[in-house]
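The values are calculated or read from the model by the stated rules, or taken from the named source; none is laboratory data. It should be emphasised that the depicted structure is a prediction, and the values quoted were computed from it without experimental measurement. Using ideal geometry, Cβ is built from the backbone for each residue, glycine included, and neighbour counts are taken over all protein chains shown.
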Amino acid sequence: MAMQAKPNTISIDGQEIAFTAGQTIMDAALAAKIYIPHLCHYPGLRPSGNCRLCVVEISNRSTAACITPAVTGQEIRNNTPELNAIRKTITQMLFVEGNHICPSCEKTGNCKLQAMGYYLGMLDDHFPQFYQRREMDASHAGILLDRSRCILCDLCVRASREVDEKNVFAIAGRGTDAHLIVNSSTGKLGDSTIAVTDLAANICPVGAILIKEQGYQVPIGQRIYDLHTIRETALQENVTKEHHEK
Amino acid sequence: MSFVDSICHFNFNPAILISMMNQRPLHHSDSPREHLLHRLYTLQQEFLHISPQAMQQVAAEYQLSLGQVVSVVEFYSFFYTQPCGRFHILFSNCTSCGYLSDEQDLLHLLCQLLQVTSGKTRHDGCVSVHETSCIGLCDHGASLLVNGLPITRLTEEKITQIAQLVASETPLLQWPAEWFEVHNTAHQRSLLLTEYFLPGSAMQKALIHGKDETLAEILRSDLRGRGGAGFGTGKKWQLCQQAPGHAHYVVCNADEGEPGTFKDRMLLCDHADALFEGMTLCAFIIGAEQGFVYLRGEYRYLLTHLHTVLNRRRQQRLLGQHILGQPAFHFDIEIVIGAGAYICGEESALVESLEGKPGIPRIRPPFPVTHGYQNQPTVVNNVETLIAAAHIIVQGSAWFKAVGTEESSGTKILSVSGDCQLPGIYEYPFGVRVQQVLDDCHAHNVQAVQIGGPAGKMIGAADFNRAIGFEDLSTGGSFLIYGQHRDLLAVHRNFAHFFAHESCGFCTPCRVGTQLLKNNLDKIAQGRGTAQDITEIKQLSHLIRHHSHCGLGYTAANHVLDGLQTFPQALEAPLQQHFSAQFDLDQSLESARQITHRDDASAHLD
Ligand SMILES: Cc1cc2nc3c(=O)[nH]c(=O)nc-3n(C[C@H](O)[C@H](O)[C@H](O)COP(=O)(O)O)c2cc1C
Ligand code: SF4
Ligand code: SF4
Ligand code: FES
Ligand code: FES
């Protein structure tokens with residue numbers, strides 16, 4: 001069975017990879033080009049641990065890879081049918097909690113929630129829809145916020161705080177009342193300091209934050225996840241890279 | 001078994017209580033401002049809600065982002081963004097102190113009498129009636145809080161009187177004073193509830209023996225946390241002592257949110273000295289100068305009493321600068337009052353709340369013991385744990401270890417309620433059998449016992465010979481008894497609604513999963529369930545249990561899984577043989593009928 005573990009090494013589905021002190025399992029996996037499904041994680045931003053797509057197992061205990069420190073000798077199970085089934089269910093939960101009418105959404109084809117559904121072989125919603133009322137905010141000249149599609153991943157919150165240094169967003173409310181709020185005197189995006197070029201305006205994995213007047217520039221059929229899997233794109237992502245390209 | 005019955009009357013003079021509800025909690029730390037939660041409470045009291053303008057003002061005062069203030073206001077159940085009534089009534093919906101506990105809907109009755117819709121404020125602003133999770137009065141029958149004050153032993157008659165007093169807007173001062181009495185009834189006493197605690201006695205011993213020997217005594221006692229998880233208390237203090245930081249803190253977890261638990265209420269009333277001394281001991285060992293008691297908002301009426309004890313201890317030089325004349329030992333305690341959120345009992349969420357944030361559990365590790373309040377090493381302990389520690393230092397670890405079992409030394413204080421003749425507080429040596437407790441509280445024809453509250457374990461008669469202890473049935477103290485006549489599906493639904501309401505909303509499995517579980521159980525209760533729903537419930541329960549972020553999620557589905565194992569008929573009896581729709585077609589047309597003002601035959605489906 002388990003051999004004496006090499007220092008600063010973990011194994012993911014039997015593959016040994018190195019890690020450096022302070023890395024999480026997710027950091028180490030991405031550095032070694034191993035895909036652990038994730039939605040609320042973005043390299044370069046502080047991890048949160050809210051979506052739970054990245055659940056992995058260590059000695060039969062489940063943990064979120066993006067917030068669990070890598071420790072020498074960990075034997076991690078990641079790409080297993082059981083875990084992918086759990087991830088599919090979690091994706092379905094996110095779909096039914098919001099109002100996702102993909103055919104009428106500008107993000108379709110570029111949406112990570114959709115892409116995750118494709119990747120995990122999700123063919124239906126499974127659960128009854130929640131049909132929650134969620135507020136739309138079109139007050140900003142360049143940015144649309146449609147909370148119906150928000151999966152509460154907190155990426156825009158962190159991007160605005162950590163990279164844009166503006167603190168435009170926060171999440172308020174408890175349980176399924178949780179919702180994204182805008183940190184401006186009116187609570188409207190138009191009165192906030194957000195700019196179209198901010199990372200916070202561009203990081204949303206779904207169609208909740210959209211840049212206006214760019215609709216359908218890339219036709220459906222030629223969009224990101226029409227051409228690539230989320231696994232492929234996720235291994236390329238990094239905040240500093242993206243942000244400085246703009 | 002000997003039978004001690006004592007009733008301690010607490011000073012529940014409504015005049016004092018009412019003046020106290022408007023009093024601000026004192027604070028003795030170096031922080032220049034009162035706690036954010038207290039500031040928001042004051043606004044809520046004064047204006048019956050917290051308006052957007054008020055939030056902006058608070059954000060400016062505290063130099064916080066408006067977003068943080070809004071997210072705090074919207075996280076806690078006792079802050080409202082729309083005005084509440086001048087009489088704001090919160091009915092507990094716990095299975096023991098809830099408005100349905102006597103199979104009679106007292107909330108509905110009051111709403112009818114007052115012509116008010118539950119959850120909404122009456123148009124004239126006079127009254128609002130809401131429900132809330134367990135308010136810790138489970139040994140007092142159906143109970144409510146009116147403007148924060150408890151009224152217990154509700155009956156139809158009392159509800160009628162309350163309706164009249166509200167309708168005539170009679171000030172609470174003129175309501176019958178005996179309504180507001182809370183009795184702490186201890187039916188069974190062992191180590192902690194029999195020993196008289198002399199203020200200062202533990203600290204004097206600690207000063208004689210020194211830090212190391214005092215910590216060693218706690219370690220030798222094998223005291224484990226009484227709040228649920230059972231972590232070794234000495235070990236926790238040692239880890240905190242060794243953790244580097246520019247300040248260390250000790251926090252008493254008096255959030256007592258688990259439905260069916262009320263032993264901390266009694267301990268705070270009658271044993272506050274031992275509690276504060278336990279905190280002071282911990283501070284002495286870990287090197288803390290500041291301690292906090294995080295008190296659940298539902299227990300705000302205990303504040304005056306707790307402040308009185310704190311002040312007396314300051315005068316006795318048991319708190320403050322130079323404790324007992326020691327040149328370098330300074331320590332004081334501040335009380336921070338929560339605002340209605342079960343999750344704030346989870347230690348890292350509690351720390352967030354102490355810092356004036358929404359109670360979202362942190363990423364762990366690091367644990368509070370190394371990175372707690374203000375990211376500094378922090379001990380968080382339950383009320384009972386800290387009281388036990390104080391007694392151990394006075395009486396010695398051998399005194400403590402002589403009682404209990406191998407793995408669980410000492411005693412456990414249980415909050416017994418539900419279908420029994422003698423609800424109240426019972427202290428037993430660990431290892432006591434469930435049946436013994438049932439006999440002592442005169443519970444007959446018991447169908448099920450929920451040990452440790454909704455998050456704990458549901459057992460049936462076959463398990464009544466099992467023992468209370470960390471090695472068998474671990475519990476924070478809730479002991480809910482359900483007689484043969486109880487509909488256990490209703491109990492499961494109650495618990496499922498509780499968790500869905502209390503999920504902090506941070507992680508997907510818990511936020512969405514607890515809602516789905518609730519909907520599934522409701523569906524079965526409405527006679528629309530099929531065998532498929534049972535499979536669904538099992539899968540969902542496993543997902544929530546194994547893949548959530550914190551203890552709330554880990555435990556939220558325990559009751560259903562236990563129920564399916566031990567009482568499958570409760571969930572399976574109402575199932576339909578054949579497929580049935582998720583929803584009632586006719587019912588679903590209701591909103592369309594309302595919009596079109598139609599109610600004729602052809603606007604209905606059958
Ligand atoms: C959802 C949740 C609620 C909790 N509520 C309480 C509580 O009300 N009181 C308490 O002492 N511990 C509660 N705990 C346990 C605390 O996280 C923590 O383990 C405890 O306060 C440690 O004190 P102890 O070691 O003295 O038991 C709760 C845990 C969870 C997950
Ligand atoms: S955000 Fe994604 S999943 Fe949601 S509607 Fe748009 S495309 Fe569909
Ligand atoms: S708006 Fe988008 S980025 Fe922000 S929390 Fe919602 S889903 Fe995440
Ligand atoms: S990616 Fe780890 S929890 Fe979302
Ligand atoms: S919200 Fe606490 S477990 Fe997810």
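Would region B:176-192 turn up any residue that is of a type in the set (Phe, Trp, Tyr) and either more than 27 Å from the chain's Cα centre (by Cα) or in the same structural domain as B:CYS282 (by TED's automatic domain parsing) (or both)?
no
Among the residues that make up region B:500-508, is at least one of them of a type in the set (Gly, Ala, Ser), out of contact with any Leu (no Cβ under 6 Å at 6 or more places or on another chain) and more than 10 Å from ligand 5 (Cβ to nearest atom)?
So far as region B:500-508 goes, yes, one or more of its residues are of a type in the set (Gly, Ala, Ser), out of contact with any Leu (no Cβ under 6 Å at 6 or more places or on another chain) and more than 10 Å from ligand 5 (Cβ to nearest atom).
When you check B:LEU552 against the structure, is it within 12 Å of chain A (Cβ to nearest Cβ), more than 16 Å from ligand 4 (Cβ to nearest atom), touching an Asp or Glu at 6+ places or on another chain (Cβ under 7 Å) and under 30 Å from B:PRO358 (Cα atoms), yes or no?
In short, yes.
Considering only region A:127-246, give the strands (runs of 3 or more DSSP E) lying wholly within it that have at least 1 residues that are within 12 Å of chain B (Cβ to nearest Cβ) and either modelled with pLDDT of 95 or more or within 23 Å of A:PRO103 (Cβ to Cβ) (or both).
Fully inside region A:127-246 and qualifying: A:169-172, A:179-182.
Evaluate the following for A:PRO37: is it in contact (Cβ under 8 Å) with a residue 40 or more places away in the chain, within 16 Å of ligand 2 (Cβ to nearest atom) and outside any strand (DSSP E or B)?
Numbers: in contact (Cβ under 8 Å) with a residue 40 or more places away in the chain: yes; within 16 Å of ligand 2 (Cβ to nearest atom): yes; outside any strand (DSSP E or B): yes.
Spelling it out, A:PRO37 is indeed in contact (Cβ under 8 Å) with a residue 40 or more places away in the chain, within 16 Å of ligand 2 (Cβ to nearest atom) and outside any strand (DSSP E or B).
Considering only residues of region B:561-584 that are within 16 Å of B:LYS518 (Cβ to Cβ) and at pLDDT below 80, which is farthest from the other protein chains (Cβ to nearest Cβ)?
Looking at residues that are within 16 Å of B:LYS518 (Cβ to Cβ) and at pLDDT below 80, I get B:PHE583.
B:LEU100 is checked against (1) modelled with pLDDT under 95; (2) surrounded by 24 or more Cβ atoms within 10 Å (Cβ to Cβ) and fails just one. What number does that condition carry?
In the conditions (1) modelled with pLDDT under 95; (2) surrounded by 24 or more Cβ atoms within 10 Å (Cβ to Cβ), B:LEU100 misses (2) alone.
Across region A:43-73, what is the number of residues that are more than 11 Å from ligand 4 (Cβ to nearest atom), facing chain B (nearest Cβ under 10 Å) and not in a loop (DSSP other than H, G, I, E, B)?
4
Condition first: touching a His at 6+ places or on another chain (Cβ under 9 Å), part of a loop (DSSP other than H, G, I, E, B) and over 21 Å from B:ARG189 (Cα atoms). Now tell me which residues in region B:229-280 satisfy that.
Residues satisfying the conditions are B:ALA243, B:GLY245.
Quick one: what pairs do we get from region B:552-575, first residue under 30 Å from B:GLU347 (Cβ atoms), second among the basic types (Lys, Arg) and away from ligand 5 (no atom under 16 Å from the Cβ), C-beta under 8 Å, 6+ apart or different chains?
Here the result reads B:ASN558/B:LYS457; B:LEU561/B:LYS538; B:ASP562/B:LYS457, each pair linking region B:552-575 to a residue that is among the basic types (Lys, Arg) and away from ligand 5 (no atom under 16 Å from the Cβ).
Within region B:320-335, can one find any residue that is within 14 Å of chain A (Cβ to nearest Cβ) and either touching a Cys at 6+ places or on another chain (Cβ under 6 Å) or part of a helix (DSSP H, G or I) (or both)?
no
Restricting to region A:74-107, count the residues that are farther than 21 Å from A:LEU155 by Cβ, in contact with a strand residue (DSSP E or B) (Cβ under 7 Å, 6 or more places away or on another chain) and more than 16 Å from ligand 5 (Cβ to nearest atom).
6
Would you please list the contacts, defined by Cβ atoms under 8 Å and residues six or more apart or on different chains, that run from a residue in region B:416-437 that is in the same structural domain as B:LEU473 (by TED's automatic domain parsing) to a residue that is among the acidic types (Asp, Glu)?
B:VAL416/B:ASP139; B:SER417/B:ASP139; B:LEU422/B:ASP440; B:PRO423/B:ASP139; B:GLY424/B:ASP139; B:ILE425/B:ASP139; B:TYR426/B:ASP440; B:VAL434/B:ASP463
Determine, yes or no, whether A:HIS100 is within 14 Å of another protein chain (Cβ to nearest Cβ) and in a loop (DSSP other than H, G, I, E, B). Full working, then the answer.
Details: within 14 Å of another protein chain (Cβ to nearest Cβ): yes; in a loop (DSSP other than H, G, I, E, B): yes.
Yes: the conditions hold for A:HIS100.
On the basis of being within 16 Å of ligand 1 (Cβ to nearest atom), at negative phi and either of a type outside the set (S, T, N, Q) or under 24 Å from the mean Cα position of the chain (by Cα) (or both), does B:ILE544 make the cut? Break it down into steps so the answer makes sense when it comes.
Working: within 16 Å of ligand 1 (Cβ to nearest atom): yes; at negative phi: yes; either of a type outside the set (S, T, N, Q) or under 24 Å from the mean Cα position of the chain (by Cα) (or both): yes.
When the stated conditions are applied, B:ILE544 passes them.
Regarding region B:118-137, can at least one residue be identified that is at pLDDT 95 or above, within 14 Å of chain A (Cβ to nearest Cβ) and assigned to a helix (DSSP H, G or I)?
Looking through region B:118-137, none of the residues is at pLDDT 95 or above, within 14 Å of chain A (Cβ to nearest Cβ) and assigned to a helix (DSSP H, G or I).
Going through region B:64-111 one residue at a time, which ones are within 27 Å of B:ALA496 (Cα to Cα) and assigned to a helix (DSSP H, G or I)?
B:SER71, B:VAL72, B:VAL73, B:GLU74, B:PHE75, B:LEU106, B:LEU107, B:HIS108, B:LEU109, B:LEU110, B:CYS111
Please give the number of the condition A:ILE25 fails out of (1) more than 10 Å from ligand 4 (Cβ to nearest atom); (2) in contact (Cβ under 8 Å) with a residue 40 or more places away in the chain; (3) out of contact with any Pro (no Cβ under 7 Å at 6 or more places or on another chain).
Against the list (1) more than 10 Å from ligand 4 (Cβ to nearest atom); (2) in contact (Cβ under 8 Å) with a residue 40 or more places away in the chain; (3) out of contact with any Pro (no Cβ under 7 Å at 6 or more places or on another chain), A:ILE25 comes up short only on (1).
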